[in-house]
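Asker: Mind looking over this structure? Questions follow.
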Amino acid sequence: MVGQYDVYLAVDFFNTRILFTAKTSGELSRKILTGIEKGTLTSDGAVRMYRTTQVTLDDILAIMSMYHVPFHEAAKPLERPHAQ
């Protein structure tokens, strides 16, 4: 099960856009630290980190692009009726 969550994300502090993606947590950390060092992160490195599958990331990116919504809207889990 651990292998299926193979994508790491860094999202801006307000959960609106994806800043970086990586295949490992170490790679993601390096990208974040490089962004901080270069001054390219406007929030001075305040990011939220997530781990997901490539399929889920592709779905989130498609929703963000198609409907022009921020990350937190596109990544919202679907509500399903409870089985009774």
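Every number here is computed from the coordinates shown, using simple stated rules; none is lab data. Everything quoted here is computed from the prediction, not taken from an experiment. Positions of Cβ are generated from backbone atoms using ideal geometry, with glycine treated the same way; all protein chains shown enter the neighbour counts.
Asker: So if we plug the beta-carbon distance of Glu37 and Ser65 into 1/(1 + (r/R0)^6) with R0 = 25 Å, what FRET efficiency do we get, rounded to 0.05? Each step should come with its number before you reach the end.
Answerer: Numbers: r = 30 Å, r/R0 = 1.19.
The formula returns an efficiency of 0.25 here.
Asker: Determine the dipole magnitude for the chain: charges of +1 sit on the beta-carbon of Lys and Arg, -1 on that of Asp and Glu, nothing else is charged, the reference point is the Cα centre, and the result goes in debye to the nearest 20.
Answerer: Its charge dipole is roughly 120 debye.
Asker: Could you work out [θ]222 nm for the chain from helices alone, using -39500 (n - 2.57) per DSSP H run of at least four and dividing by all its residues? Round to the nearest 500 deg cm²/dmol.
Answerer: Values: 3 runs with 32 residues, N = 84.
Using -39500 (n - 2.57) per qualifying helix, the result is -11500 deg cm²/dmol.
Asker: Taking H as built 1.01 Å from N, whose amide H comes closer than 5 Å to the amide H of Phe13, not counting residues under 5 places away?
Answerer: Amide H to amide H, under 5 Å and 5 or more residues apart or across chains, Phe13 pairs with Arg48.
Asker: What are the ³J(HN,Hα) values, in whole Hz, obtained from phi via the Karplus relation 6.51 cos²θ - 1.76 cosθ + 1.60 with θ = phi - 60°, for each residue of the stretch 55-71 in sequence order, with x given for Gly and Pro?
Answerer: 4, 5, 4, 4, 5, 4, 4, 5, 5, 4, 6, 5, 9, 6, 10, x, 3
Asker: Using the basic label-point model (7 angstrom from Cα toward the beta carbon), what is the Thr16 to Arg48 distance in nanometres?
Answerer: My value for the distance between the label points is 1.3 nm.
Asker: Still on this structure, please answer the following. Determine which residues of the stretch 9-37 fall in the zone a paramagnetic label at Lys76 would reach in this model, i.e. backbone nitrogen under 16 Å from the point 7 Å along Cα→Cβ.
Answerer: Counting backbone N atoms under 16 Å from the label point, the list is 15-17.
Asker: Where does helix 25-38 land angle-wise versus the long Cα axis of the chain, in degrees 0 to 90, nearest 10?
Answerer: 50 degrees
Asker: Right, next: Return the ratio Rg/(2.2 N^0.38 Å) for the chain, where Rg is computed over Cα atoms only.
Answerer: 1.21
Asker: Once phi is turned into ³J(HN,Hα) by the Karplus curve 6.51 cos²θ - 1.76 cosθ + 1.60 with θ = phi - 60°, what whole-Hz value does each residue of the stretch 9-18 show in order, with x for glycine and proline?
Answerer: Ordered by residue, 3J(HN,Hα) equals 10, 10, 10, 4, 4, 8, 6, 9, 9, 7 Hz.
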